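Down below is the structure, laid out as structure tokens.
No value in this document is a laboratory result; all are computed from the given coordinates. Just so you know, these numbers come straight off a predicted model, no measurement behind them. Here the Cβ is made from the backbone with ideal geometry for all residues, glycine too, and neighbour counts use every protein chain on show.
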There are 2 protein chains.
Amino acid sequence: MKQIDFYKKLFYPKTLAFIGANPRRVWHLNGYINRFPKDSLYIVSNYCDDLKENFEELLQGVNLCSEISEIPDGIDHSVISVGRKRLLETIETCLDKKFYTIHVFSAGTGEFDEKGFEIESQLYKLFKNNENSRLVGPNCMGIYSPRGKYSYSGGFSEKAGNFALVSQSGDLTNRIVGSLNARGAYFSYAASVGNSISLRSSDLIDYYNKDDNTDVILSYMEGFSQFRKSEYEGRKLFESLKKNRKPLLLLKGGTSDLGKRAASSHTGSLASQDEIWNSIYKQTNAIPIESLEELLDTAVMFRFCSNCEPKHNSLLMITYSGGSSVLGVDAISRLNAGIDVPAIQEPTHSKMKELIRVGSISNPLDLPGLRDEEKRFKLFKLAVSEEYISGIIQLTSGPRFFGRSMSKEEIEKYYANLRRSKETCNKLGKPFMVTIPNSNDNDFRTKLIELEIPAFNSFSRAAKAFSNLYRYKNPKNPRILHE
Amino acid sequence: MKQIDFYKKLFYPKTLAFIGANPRRVWHLNGYINRFPKDSLYIVSNYCDDLKENFEELLQGVNLCSEISEIPDGIDHSVISVGRKRLLETIETCLDKKFYTIHVFSAGTGEFDEKGFEIESQLYKLFKNNENSRLVGPNCMGIYSPRGKYSYSGGFSEKAGNFALVSQSGDLTNRIVGSLNARGAYFSYAASVGNSISLRSSDLIDYYNKDDNTDVILSYMEGFSQFRKSEYEGRKLFESLKKNRKPLLLLKGGTSDLGKRAASSHTGSLASQDEIWNSIYKQTNAIPIESLEELLDTAVMFRFCSNCEPKHNSLLMITYSGGSSVLGVDAISRLNAGIDVPAIQEPTHSKMKELIRVGSISNPLDLPGLRDEEKRFKLFKLAVSEEYISGIIQLTSGPRFFGRSMSKEEIEKYYANLRRSKETCNKLGKPFMVTIPNSNDNDFRTKLIELEIPAFNSFSRAAKAFSNLYRYKNPKNPRILHE
């Protein structure tokens, strides 16, 4: 018997079913109806008449049925959105009809109460040792696959990229995909896997590691399903991470005692095995991430600077504001990430000092009011060429200047200068980053994406992302892999 | 002889002079020309003809002169923007003409090189024991006084408020005033004092403490002028802070070794007396602040919740996202600020659990997809009334919902619910805060300001601001003041 390629069916389905469509939540269908070939899309609902009457245009060409029995057997991917009372019978019908991959949106399961726990146990049994079907969930948002032409959210970009996400939180999936789309990074897949009783984070990581459309893997994890032994699940994850050959940004929720309690009510996960996670961080190349902001920033760093090879964990900071640089280095010191901000040494220091009348040639390099772009670039080139500098963060307010605006010519010069700054650094293998004070300036942010320059909200957030890239590129000790 | 009230002359001048106007930086004049009575404003420039020709409309009605000798004696406030070569002779002329308060914009002084140090020493001598004049600066942006009808920046609001700032960084002054204006907080004064060789931060704090237009004081400090003994300056500041009876948010730059180096090239300050700062934090009611973000967040907290009296350093978190709550409590734990997020106790827990079908009645209170505003408010009221809860942070995406939009009626209901949530909490003396995932939604932010609800970019930033308010309202030990 030929083995079923569940991931092909999950991410590149030829047939798709949405079971439990509700006219009051019709927006839930957007990411399926507007992207997937309509003649291969099946919508099953108790409210067919209502849907037909009120959403005729939207549903034109889609197969609309009132019973699962009316749709073909062997659907590649199906989404189940029914109340928990009807969940088990619905799933049993799907399994009878040999549906391949089934996403259970429904919650109120193992994470909620005793009754939900009972339902989830039954679900677990239905998929345990099941050779024909895999389940995503329950209690999750499901799948986004731009190349596979469907998305659980109508708000995600149709543009495909090389980032793959697996997450135990649906809302974080929304925020991660939404924020990274807005910062110029696009996805091969995102999978919100919730309580993950069948397909687990480690399964998806195995697939992403082998997949040609994926270069960077992101993961938000809380813990392991309560139906399997956590030692076993921990070992499975550990093996997956050891095999992995791609940058993998691992955001772990529930690192604090309060967080562990919250994780258990969120996904019913047992998040308390600190020793499992510690050995994962020590013995695999997974990049440990502490917060959502750090995850997004580090992803942006890999998006725009993955070809750089920083030799030292050391930065040059360039500012026009003394106060911001003082607070910036204070914050970088507080990160405790081993990041150095080395002073510019002689003879370069003296060469540079001759070129300015105010400010400071140290590090941070403080150049207030220097509007001569040629002189500015000369100073820049001298400083970034120093061997002990491995990455550059420049504070810039963009073409909007406090109290006045630039002419068209000045704006062009300004952007040309940013471009050559980036090129100069990248040729040396050094990332060029900017931090911008007015982070709501969306036009400027868009322009920076065009220039492929990573932008951050503060010096310390840029520094942390840089440091994560540096550590990934310079693993301290050769890792010993027992494969 | 009647003592001169320098602060009245500084913040509410009857006559104002700008010395060194340059046609290439004419935007620098905006905040003076557009706000101050023109017939009492004097502009002195070497480029009078150029200015007259090219900026006729702008300068209409203003007194434009080419020499300081042409303008009246005894100008209340003057701004000096000349190169450092001409600085000393210009100041001497101003002093001969008995100008009362003089702001030196010019940099390249003590913070820059030996020559600058020499100029600054001369300046220091000119103002030491001077009974007729005070200097602001050098190397700073100067004064913003909305009630006094002038501002060094044309970008600051003309609306006056009750926050007063004194800062050793001009750019941070820009960012603090600009960001807080955008978040609904307004100023009585802002003073960027730079190297502060004559008027110091402590002098301005003394004034703000006595001033009826000021309720909250913000300060960014790097250290003390290198021309006075730092022990003496430290004691002077210490005395000012002991006398102070208003909330004072103290952001200290140069807490790290790298930051100290940067501070010395920024304002020539000696920032290394850690023991001075430690005793200030221990023995005064100044609120120690670590970063710009924390300063802004805490200011917003005092803006909207200063009447609240939180009894415990404990929070209720309300979310619709399990992942965000797990990461939120993890981040709050990492703050090490002693903040508790206590679980909801019986019998309230059971009463609440009966009302929901998915989510979690714990703390964070996770209510995904609960769109019944009446039920939501019932749950809310039960939880916030618990004695051990002292502040509430609610995650809300605003009326824009991911994947769909609300009807006008729904939006009204949504805002009405926010309003009564705030009122319910405030009646109990508990702050009601929100955190919003899409922080670029400016319309929503504006609406929250109207509702007087403080908004933060993350749970942990809200929690830190809350904790600062809590600590101010509950000083652990009665302070002993030796006045």
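General remarks:
- Chymotrypsin sites (Phe, Trp or Tyr not before Pro) restricted to region A:329-432 and DSSP loop, no more than 14 other C-beta within 10 Å: A:Tyr388
- For the protein assembly as shown, adding -39500 (n - 2.57) for each run of n ≥ 4 DSSP H residues and dividing by the number of residues yields -12000 deg cm²/dmol at 222 nm.
- With the largest listed first and rounded to whole Å, the semi-axes of the equivalent ellipsoid of region A:416-471 from the Cα gyration tensor are 18, 16, 8.
- Per-residue mean of C-beta atoms belonging to partner chains within 10 Å, peptide B:247-259: 5
- From phi via Karplus (6.51, -1.76, 1.60), per-residue ³J(HN,Hα) for region B:248-260 in Hz, x at Gly/Pro: 10, 8, 10, 9, 9, x, x, 7, 9, 4, 4, x, 5
- Checking every one of the GluC sites (Glu not before Pro) in region A:231-313 against DSSP loop status and a limit of 16 other Cβ atoms within 10 Å picks out A:Glu290.
- Rounded to 5, the percent of DSSP beta bridges in chain A classed as antiparallel: 15
- Each copy carries a label point for A:Lys98 at 7 Å from Cα toward Cβ; from one copy, the others' points are 10.5 nm away, ordered from shortest.
- Computed over region B:68-172, the Cα gyration tensor eigenvalues convert (square root of 5λ each) into semi-axes of 24, 18, 12 Å, ordered from largest to smallest.
- Rounded to 5, the percent of DSSP beta bridges in region A:315-473 classed as antiparallel: 25
- Cut-off 20 Å, label 7 Å out along Cα→Cβ of B:His312, residues of region B:370-387 by amide N: B:379-387
- For peptide B:354-361, the mean count of partner chain Cβ atoms within 10 Å of a residue's Cβ comes to 4.
- Residues in region A:19-49 reached by a label modelled at A:Ser66 [backbone nitrogen below 19 Å; 7 Å Cα→Cβ]: A:19-24, A:42-49
- Ranking B:Gln168, B:Pro310, B:Asn195 by Cα position along the charge dipole of chain B, where only Lys, Arg, Asp and Glu carry charges on their C-beta atoms, puts B:Pro310 farthest toward the positive end.
- Enclosed volume per residue, in Å³, of the convex hull spanned by Cα atoms of region B:6-136: 103
- Sequence-ordered 3J(HN,Hα) estimates for region B:322-330 from the Karplus curve with 6.51, -1.76 and 1.60 and θ = phi - 60° stand at x, x, 5, 6, 4, 5, x, 6, 4 Hz, glycine and proline given as x.
- In nm, spacing of pseudo-spin labels at A:Lys52 and B:Glu410 (7 Å Cα→C-beta vector): 2.6
- Per-q log10 I(q)/I(0), region B:142-289, q = 0.09, 0.12, 0.17, 0.19 Å⁻¹ (Debye; single scatterer per alpha-carbon; no solvent): -0.25, -0.46, -0.93, -1.15
- Amide H contacts of B:Tyr150 (H built 1.01 Å from N, under 5 Å, at least 5 apart or other chain): B:Ser145
- Remark: relative contact order (chain A) = 11 percent; criterion is Cα-Cα distance under 8 angstrom and separation of 6 or more residues.
- In this structure, the amide hydrogen of B:Ala17, modeled 1.01 Å from its nitrogen in the peptide plane, lies closer than 5 angstrom to those of B:Tyr42, B:His77, B:Ser78, B:Val79, counting only residues at least 5 positions away or on a different chain.
- Per residue, the convex hull spanned by the Cα atoms of chain B measures out at 167 cubic angstrom.
- For the listed peptides B:317-330, A:247-260, B:120-133, a ranking on the average number of other beta carbons within 10 Å per residue, highest first, reads B:317-330, A:247-260, B:120-133.
- Chain A residue nearest the rotation axis toward B, with distance: A:Asn440, 3 (Cβ to axis, whole Å).
- Shielding by partners - mean other protein chain Cβ count within 10 Å, residues of B:54-63: 0
- Angle of helix A:292-305 to the longest C-alpha principal axis of chain A, folded into 0 to 90 degrees and rounded to 10: 70°.
- Nearest 10 degrees, 0 to 90: helix A:274-283 Cα axis against chain A principal axis: 60
- The protein assembly as shown: projected area of the alpha-carbon convex hull, averaged over directions, in nm²: 41.8
- Reachable lysines from A:Lys375, criterion Cα separation under 16 angstrom, eight or more residues apart if same chain: A:Lys351, A:Lys353, A:Lys413
- Pairwise FRET efficiency - B:Tyr232 versus B:Ser121, Cβ, R0 = 22 Å, nearest 0.05: 0.80
- Cα-based helix-to-principal-axis angle, B:170-182 vs chain B, degrees rounded to 10: 40
- Rough spin-label spacing in nm, given labels placed 7 Å along Cα→Cβ, for A:Lys98 and A:Lys375: 7.8
- Phi angles across region A:78-91 convert, under the Karplus curve 6.51 cos²θ - 1.76 cosθ + 1.60 with θ = phi - 60°, into 3J(HN,Hα) values of 10, 10, 10, 10, 10, x, 5, 4, 9, 5, 5, 5, 4, 5 Hz, Gly and Pro given as x.
- Cα convex hull of region A:315-473, projected area averaged across orientations, nm²: 9.1
- The simple Förster model, with R0 at 60 Å and r as the Cβ-Cβ distance, assigns B:Asp257 and B:Thr348 a FRET efficiency of 0.75.
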